[in-house]
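The values are calculated or read from the model by the stated rules, or taken from the named source; none is laboratory data. What you see is a predicted model; the values in this text were computed from it and never measured. For neighbour counting, all protein chains shown are included, and Cβ atoms are generated from backbone atoms with ideal geometry for every residue, glycine included.
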Amino acid sequence: MNSINEKFSYLKTNRQKALITFITAGDPDAGTTVKAIKSMEKAGADIIEIGIPYSDPLADGPTIQASSTRALKMGIKIPDIMDIVKKARKISEVPLVFLVYYNSIFKYGIEKFLEESSKAGIDGIIIPDLPIEERAGISDLMSKKGIILIPLVAPTSRERIRAIVENADGFVYCVSVNGVTGTREKIGTDLKSYMNTIAQFTDVPRALGFGISSAAMIREVKDYCDGVIVGSAIINVMSQFEDKDEMLENLKKFVSELKDGLSEVKI
Amino acid sequence: MKGRFGKFGGQYVPETLMNALIELEDEFENAMKDEEFLKTYRYYLKEYSGRPTPLYYAENLTQTLGGAKIYLKREDLNHTGAHKINNVLGQILLAKRMGKKRVIAETGAGQHGVATATGAAKFGMECEIFMGEEDIRRQSLNVFKMKLLGAKVTPVKTGTQTLKDAVNEAIRNWVSNVDTTFYIMGSVVGPHPYPTMVRDFQRVIGDEARSQILEKEGRLPDYIVACVGGGSNSMGIFYPFIEDKDVQLIGVEAGGMGIESGKHAATFYGGSTGVLHGMMTYILQDEEGQILPVYSISAGLDYPGVGPEHAYLKESGRAKYVYATDKAALDAFMTLSKIEGIIPALESAHAVAHAMKLAPTLDKDKIIIVNLSGRGDKDVDIVSKFMGVKL
């Protein structure tokens, strides 16, 4: 069983919901990324998304754009990122998911990318600019490698939801709002109706992401979903600190707070 | 396959946009079958933009070069000074038909931004234009024009602060406002249906040129030369000639400071297949797919990708793609100004530059049509700086 599914099944048995956290590979550097993965796991992250920095991240707001730019300036390359995953795998059990734009995979070579990801210990891949219409070239190759392609559903998906979640595995990434990634004060979408609609078509866990920036917000949305995804808010915390130890310390503190937001689950 | 030109094209966008693209495609297909819509579109092309534009025999240029006959398709004589308005009128009428009240657009040189702001003013729509900060510096006149027309101009400070980044930001804005906003894409780029839609709204250039040359010369031209950034003016003039295999189609990319300098925007020289702005096409990228910075003296050609249909025409061999350097384009800019009294846009000057190279190698009975996609008023500032003349 893929470790993402194992994780969700464990959480379900224990009446818990998943905290999925995001970090950009190589921001501020590769070594810190490995340590940050471990810190977040210790603080309660159930699944960790590793963002592969890209020059033109269409689905991302200013925070993750800036983070990607910093990582690219540091000269991070895909082989370095595979190395980060390998090192994290040695010290951590947490399921790891790549967040990667399609051109990075395409240009690197789809098979080569998947082969290396699988060997390094990646469990799933999220491709924010690959709708169902364009999946054909990659989804079969991924299942052969035992890597889950995490599908994305948006509030505008409506009648497309059925096709998107058909044969879904791992979890469904439910985009909370029309927009790009980034912290928000409030989620405008009618989450109850949106998340229920998705549940009509799949039993796969539904994780809500985009705009979720604090433990308080997690408390507001957690009843509608099986997990929450936090990205930009984490990057914002990390980017406040120059000193790496301080950065990791505060990261850990922040992720623990987020985890607290998820406790006291009503089922 | 739908939305594909061979392996190129497609829809590589966030899921949030997919239904909007599907609706757009349906609406576009219906509109193009709707006589009322087409009548209105043609009405504005004629009465508002001043079409048809002349196909002008550049006698002095022809005689100076001493070879093939050169005709200029005078898109510079359109309202707002470039071919961009053809597409904007089509898309804004479509936006109106869809009940949208707000339009957004990206712009490089500012020509598409000005055209969009013009259309928005005319049809009473809210308008926001995304423009790279570097381009805002280079094209301050157009920025002021857009503001006069009532548009909001939003500077884009990310990446190289040019056209590519303006497209990113416009797409991001569209994702956030997809229910209320219509994205008027300015070139034959982006996800399906944009490359097809923009081509169909620009093919009026080629349709007119075809009947005009038949009327003047009683035959089709031997060459059609047009500049290629994203490639809308070239696609517009090429398209109606694609089946005429004897007509050679030549796209001219921006060679910047020369290919070997690395400072250029010639996608077909050093580019490779990849995905940018929702389309699979030729792009300038590194070995890991990061988009490379591009350069051209002309802000409108300063783009690391190219329309997917051009990529297809290139691979199938139907069209040929060459480049002209900054220097060649500037020479052409000066020559056309001095001997024909026509100041071309720096973008269009790239096409003129190639025609100036090609014409002397051909017999006098050969015919070249150059698409003069825009006029050069917006560029006099840049050119004067290049010449060291203080205005």
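How about the range B:22-70: which of its residues are touching a residue at least 24 places away in the same chain (Cβ under 8 Å), among the basic types (Lys, Arg) and exposed (fewer than 13 other Cβ atoms within 10 Å of the Cβ)?
none
Going by the conditions given, is B:Thr325 surrounded by 20 or more Cβ atoms within 10 Å (Cβ to Cβ) and modelled with pLDDT of 95 or more? So that I can check it myself, show each step before the final result.
Numbers: surrounded by 20 or more Cβ atoms within 10 Å (Cβ to Cβ): yes; modelled with pLDDT of 95 or more: yes.
Taking the combined requirement at face value, the residue satisfies it.
If only one of B:Ala121, B:Ala115, B:Ala166 is in contact with an Asp or Glu (Cβ under 7 Å, 6 or more places away or on another chain) and of a type in the set (A, V, I, L, M), which one is it?
Exactly one of B:Ala121, B:Ala115, B:Ala166 is in contact with an Asp or Glu (Cβ under 7 Å, 6 or more places away or on another chain) and of a type in the set (A, V, I, L, M), namely B:Ala166.
Just checking, which of A:Asp245, A:Asp260, A:Asp169 is in a loop (DSSP other than H, G, I, E, B) and of a type in the set (D, E, K, R)?
So the residue among A:Asp245, A:Asp260, A:Asp169 that is in a loop (DSSP other than H, G, I, E, B) and of a type in the set (D, E, K, R) is A:Asp169.
Kindly establish whether B:Val188 is away from chain A (no Cβ under 14 Å), among the hydrophobic types (A, V, I, L, M, F, W, C), buried (at least 24 other Cβ atoms within 10 Å of the Cβ) and part of a loop (DSSP other than H, G, I, E, B).
yes
Give the residue, chosen from B:Pro308, B:Pro240, B:Pro293, that is touching a Gly at 6+ places or on another chain (Cβ under 9 Å), within 21 Å of B:Arg172 (Cβ to Cβ) and either within 14 Å of another protein chain (Cβ to nearest Cβ) or not β-branched (Val, Ile, Thr) (or both).
Exactly one residue qualifies, and that residue is B:Pro293.
If a residue has to be assigned to a loop (DSSP other than H, G, I, E, B) and either without any contact (Cβ under 8 Å) to a residue 40 or more places away in the chain or more than 16 Å from the chain's Cα centre (by Cα) (or both) to count, how many in the range B:289-314 make the cut?
Final tally of qualifying residues: 6.
Could you check the range B:14-52 and list, in sequence order, the residues that are under 22 Å from the mean Cα position of the chain (by Cα) and under 27 Å from A:Pro57 (Cβ atoms)?
B:Leu21, B:Leu24, B:Glu25
Name the residue, out of B:Thr64, B:Thr53, that is more than 14 Å from chain A (Cβ to nearest Cβ), out of contact with any Asp or Glu (no Cβ under 9 Å at 6 or more places or on another chain), under 26 Å from B:Val370 (Cα atoms) and hydroxyl-bearing (Ser, Thr, Tyr).
Working: B:Thr53 fails: out of contact with any Asp or Glu (no Cβ under 9 Å at 6 or more places or on another chain).
None of the other options fit; the residue is B:Thr64.
In the range B:155-184, which residue that is more than 13 Å from chain A (Cβ to nearest Cβ) and more than 17 Å from B:Pro14 (Cα to Cα) is nearest to the chain's Cα centre (by Cα)?
By that ranking, first place goes to B:Ile184.
Take the residues in the range A:163-186 that are closer than 22 Å to A:Ile23 by Cβ and more than 13 Å from chain B (Cβ to nearest Cβ), then tell me which one is surrounded by the most Cβ atoms within 10 Å (Cβ to Cβ). Show your work before the answer.
Taking the range A:163-186 first, the residues closer than 22 Å to A:Ile23 by Cβ are A:170-177, A:179-184.
Subsequent filtering for residues that are more than 13 Å from chain B (Cβ to nearest Cβ) retains A:170-171, A:183.
Working: A:Gly170: 26, A:Phe171: 29, A:Thr183: 20.
Restricting to residues being closer than 22 Å to A:Ile23 by Cβ and more than 13 Å from chain B (Cβ to nearest Cβ), the top hit is A:Phe171.
Under 9 Å by Cβ, and 6 or more places apart or on different chains, what pairs join a residue from the range A:220-243 that is over 24 Å from A:Tyr194 (Cβ atoms) with one that is part of a loop (DSSP other than H, G, I, E, B)?
Close Cβ pairs satisfying both conditions: A:Ile235/A:Asp27; A:Asn236/A:Thr183; A:Asn236/A:Ser213; A:Met238/A:Asp27; A:Met238/A:Pro28; A:Ser239/A:Asp27; A:Ser239/A:Pro28; A:Glu242/A:Pro28.
Out of the range A:42-69, which residues are more than 13 Å from every other protein chain (Cβ to nearest Cβ) and either surrounded by fewer than 20 Cβ atoms within 10 Å (Cβ to Cβ) or more than 18 Å from the chain's Cα centre (by Cα) (or both)?
A:Lys42, A:Ala43, A:Gly44, listed by residue number.
Would the range A:201-217 turn up any residue that is surrounded by 22 or more Cβ atoms within 10 Å (Cβ to Cβ), outside any loop (DSSP other than H, G, I, E, B), β-branched (Val, Ile, Thr) and modelled with pLDDT of 95 or more?
Among the residues of the range A:201-217, not one is surrounded by 22 or more Cβ atoms within 10 Å (Cβ to Cβ), outside any loop (DSSP other than H, G, I, E, B), β-branched (Val, Ile, Thr) and modelled with pLDDT of 95 or more, which makes the answer no.
Within the range B:92-107, count every residue that is of a type outside the set (A, V, I, L, M), surrounded by fewer than 24 Cβ atoms within 10 Å (Cβ to Cβ) and closer than 23 Å to B:Ala166 by Cα. Give the derivation first.
Just the residues of the range B:92-107 that are of a type outside the set (A, V, I, L, M), to begin with: B:96-97, B:99-102, B:106-107.
The next check asks that each one be surrounded by fewer than 24 Cβ atoms within 10 Å (Cβ to Cβ); those that pass are B:96-97, B:99-102.
With the extra rule that they be closer than 23 Å to B:Ala166 by Cα, the set shrinks to B:100-102.
Residues in the range B:92-107 being of a type outside the set (A, V, I, L, M), surrounded by fewer than 24 Cβ atoms within 10 Å (Cβ to Cβ) and closer than 23 Å to B:Ala166 by Cα: 3 in total.
Consider only pairs whose beta carbons are under 9 Å apart and that are at least six residues apart or on different chains; among these, list those whose first residue lies in the range A:146-162 and is more than 8 Å from chain B (Cβ to nearest Cβ) and within 22 Å of A:Val97 (Cβ to Cβ) and whose second residue is among the polar types (S, T, N, Q) and crowded, with 21+ Cβ neighbours inside 10 Å.
If the second residue must be among the polar types (S, T, N, Q) and crowded, with 21+ Cβ neighbours inside 10 Å, the pairs left are A:Ile147/A:Ser117.
Take the residues in the range A:225-267 that are over 20 Å from A:Asp60 (Cα atoms) and of a type in the set (S, T, N, Q), then tell me which one is modelled with the lowest pLDDT. Show your work before the answer.
First, pick out the residues of the range A:225-267 that are over 20 Å from A:Asp60 (Cα atoms): A:225-227, A:241-267.
Next, from what is left, pick out any that are of a type in the set (S, T, N, Q): A:250, A:256, A:263.
On the way: A:Asn250: 98, A:Ser256: 98, A:Ser263: 85.
Looking at residues that are over 20 Å from A:Asp60 (Cα atoms) and of a type in the set (S, T, N, Q), I get A:Ser263.
What do you reckon, is B:Met235 under 30 Å from B:Ala68 (Cβ atoms), more than 14 Å from chain A (Cβ to nearest Cβ), surrounded by 21 or more Cβ atoms within 10 Å (Cβ to Cβ) and not hydroxyl-bearing (Ser, Thr, Tyr)?
Judged against the criteria, B:Met235 is a match.
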